[in-house]
1. Fully extended, how many nm does the chain gain between residue 55 and residue 276 (0.36 nm per residue separation, minus their Cα-Cα distance)?
2. Measuring from label point to label point, each 7 Å out along Cα→Cβ, what is the residue 107 to residue 66 span in nm?
3. Between residue 40 and residue 138, what is the label-point separation in nm under the 7 Å Cα-to-beta-carbon projection?
4. Quick check on region 144-300: take the gyration tensor over C-alpha atoms, sort the square-rooted eigenvalues as a ≥ b ≥ c, and tell me if it's rounded (a/c under 1.5), prolate or oblate.
5. In what order do 345, 1 fall by count of nearby beta-carbon atoms within 10 Å, going from fewest to most?
6. How big is the gap, in Å, between the Cα center of region 183-255 and the Cα center of region 273-292?
7. Using the 10 angstrom Cβ neighbour count as an exposure proxy, how do 310, 100 rank, fewest first?
8. Mind checking which lysines have their C-alpha under 20 Å from residue 280, skipping anything on the same chain fewer than 8 residues away?
Amino acid sequence: MNICVVGAGMQGSVVAQDLVKSGHAVTVLDNNINLLRQLKKTTRVSAREFNVTNKVKFIRLIKPFDVIVGALPAAMGFYTMDCAISAGVDLVDLSYSPEDPFLLHEKAEQEGIRIVPDAGFAPGLSNILIGETYQEFNGIDDLKILVGGIPQKPEPPFNYHVTWSLADVIEEYARPSKIVKNREMITVQALSGVEEFSMPKIGRLECFYTDGLRTLLKTLKHVKNMEEKTIRYPGHAQLFKMLIDCGFFSEQSVRYRKRLVNIKDVNIEYLRNILRGGDKEDLSILIIEIKKGSKKRKFTCVDYYDKKKDITSMTRMTAYTGSIITQCIKDYEHFGIVPPEHLGMDKKLCRYIKAELKKRNIIIKKS
């Protein structure tokens, strides 16, 4: 296939590398020429410096491709979906856009286009495994998802290393979280509901509510209880809640040395410099617990930084899942918004996705 990857950052560059390795022709778009030059040194891609905010030119540019991969920050995700539909091209998106993708379902369906939102780690791979079990169990009563990426060697006080967009991390910590309790969807505060637990060879961890259920809230029917929590080292939630409550990520601007300075922008840039320092070897954890009557299933996946390829675990989990979905999406028979859980409900596609992940040494344990 002739595939266009929009965004040459941590996720987009690895998606492009994996697609090229799988035999596809790949063009990468980004407005950062340095990222494109770096990618071209290691991968046989066609790289083009381009600002996607020029909507008319962007739509015209992506029309000839078979599939688009969206690997831009979350704020650009919904925009990219809309442009792909206008261009008449299928899109696999990794941005975790805050907007409701189902707003574009009717338009995409009418145009005969497939749009896969949240096609990464979690949501993404997690949804695929849940969709598979939902189909097999003929429904779900209780669902709990624990997921996170953490450093192998935590350094105080944050005990965290940035492996994706820090602005999107902060947005996730600030946005209210939707969960299901007793078949009723309710909203809880992000960073709340802290639980501590232990894992062999990793140690003490904590988890807390974040808004990660997303499409599952609409596609899974009659679920009694459903929640997702983010995994970090103990104390992380309390520390970031304090920073948010104190206004360190406020959109307010203050005057400093005769200039107006945005508080959020300054603090995110400062934190980014801190949280990208130190040892970048990370690990990713995914735990899914599912119940339906007397039936129970648990998925566990623990993945580690790839030293040989110098790829973080979080990038592996996100980019490889996105690349594999991209390579099989043409085989999905329906059009419109295609949430990842629907791919899990398709036995043939689900088997293909899991087999391809295993080839990339991503091992999912089922009990």
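1. 76.3 nm
2. Each label point lies 7 Å from its Cα, and together they span 2.6 nm.
3. 5.8
4. oblate
5. If I rank by nearby Cβ atoms, fewest first, I get 1, 345.
6. After rounding, the separation between the Cα centres reads 14 Å.
7. 310, 100
8. Qualifying lysines at Cα under 20 Å: 153, 201, 307, 308, 309.
Every number here is computed from the coordinates shown, using simple stated rules; none is lab data. Please read these numbers as outputs of a predicted model, since none were measured by experiment. Positions of Cβ are generated from backbone atoms using ideal geometry, with glycine treated the same way; all protein chains shown enter the neighbour counts.
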